[in-house]
1. Using beta carbons and a limit of 7 Å, which pairs, at least six apart or on different chains, have the first residue in region 110-122 and surrounded by 14 or more Cβ atoms within 10 Å (Cβ to Cβ) and the second one in a loop (DSSP other than H, G, I, E, B)?
2. Taking region 153-177, which residues are part of a loop (DSSP other than H, G, I, E, B), of a type in the set (S, T, N, Q) and touching a residue at least 60 places away in the same chain (Cβ under 8 Å)?
3. Ser66 fails exactly one of the following numbered conditions: (1) part of a loop (DSSP other than H, G, I, E, B); (2) surrounded by 14 or more Cβ atoms within 10 Å (Cβ to Cβ). What is the number of that condition?
4. Test of understanding: among Leu28, Leu21, Leu51, Leu87, which residue is modelled with pLDDT under 90 and surrounded by 10 or more Cβ atoms within 10 Å (Cβ to Cβ)?
5. What number of residues within region 132-147 are buried (at least 19 other Cβ atoms within 10 Å of the Cβ), outside any loop (DSSP other than H, G, I, E, B) and among the charged types (D, E, K, R)?
Amino acid sequence: MSLKSFFARFRFPAIQLCLLLLCALPALWSCSKADVVDVNAVDDTTIRDYLKRHNYIASDYQRTTSGLYLVTLATGMGPQVATGKKLSVKYTGKFVSAATENTVFDTSDNAPSKSFDYTVGAISLIPGWSEGVALMRQGDRKLLLIPSYLAYGPSGAGSIPGNTPILFDMQIVTVSP
């Protein structure tokens, strides 16, 4: 039986359209996932390459389950960051890739107080920043290497292109009630 005679059995165009779509689905499913770039894997490779270029070994950094990497540069002894606490943070945001890693896209040095002051949980920040800060205490200085899906995602923001992993060199200056 030909497709034409098969479709001729059905008089309603909606049924014909549904049958046509049903016949086309296997062709659509056959698209290989290898054709789609796995941004998460690319971000992870870019971050690991950064760590290698800067001679960090596995014991120098921590990777969270979300994919955020933290490198401890200085350990503080002050209070732990927590929701509702007021923070004063010094930071410099840079790109992670080899071609642009020395490019600063943001810094607290541009603020009048030379720090970014905010209350934890009171404003919306990128997920990687929020997660990383929650793992810090007053006096800590850490590199937060943030995959794009925990940063600005496929859309990007300002001078940060979409799907770009970034890092923040971050120091928690004060944690107060």
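1. Val120/Val81; Val120/Ala82; Val120/Thr83; Val120/Gly84; Val120/Lys85
2. Pass one, region 153-177, residues part of a loop (DSSP other than H, G, I, E, B): 153-156, 158-159, 161-165, 177.
Then keep just the ones that are of a type in the set (S, T, N, Q); that gives 155, 159, 163-164.
Of everything in region 153-177, those that are part of a loop (DSSP other than H, G, I, E, B), of a type in the set (S, T, N, Q) and touching a residue at least 60 places away in the same chain (Cβ under 8 Å) turn out to be Asn163, Thr164.
3. Result: Ser66 passes all but (2).
4. On the way: Leu28 fails: surrounded by 10 or more Cβ atoms within 10 Å (Cβ to Cβ); Leu51 fails: modelled with pLDDT under 90; Leu87 fails: modelled with pLDDT under 90.
Answer to the check: Leu21.
5. Step one: filter region 132-147 for residues buried (at least 19 other Cβ atoms within 10 Å of the Cβ), giving 132-133, 136, 138, 140, 142-147.
In the following step, the residues that additionally are outside any loop (DSSP other than H, G, I, E, B) were identified as 132-133, 142-146.
When the remaining residues are screened for being among the charged types (D, E, K, R), the result is 142.
Number satisfying all stated conditions: 1.
This table checks each residue for (1) on the phi < 0 side of the Ramachandran plot; (2) under 17 Å from the mean Cα position of the chain (by Cα); (3) assigned to a loop (DSSP other than H, G, I, E, B).
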{"position": "Asp44", "(1), (2), (3)": "yes, yes, no"}
{"position": "Asp49", "(1), (2), (3)": "yes, yes, no"}
{"position": "Lys52", "(1), (2), (3)": "yes, no, no"}
{"position": "Gly93", "(1), (2), (3)": "yes, yes, no"}
{"position": "Ser97", "(1), (2), (3)": "yes, yes, yes"}
{"position": "Asn102", "(1), (2), (3)": "yes, no, yes"}
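The values are calculated or read from the model by the stated rules, or taken from the named source; none is laboratory data. Computed from a predicted model, the values in this text were never measured in an experiment. Backbone-built Cβ (ideal geometry, glycine too); neighbour counts: all protein chains shown.
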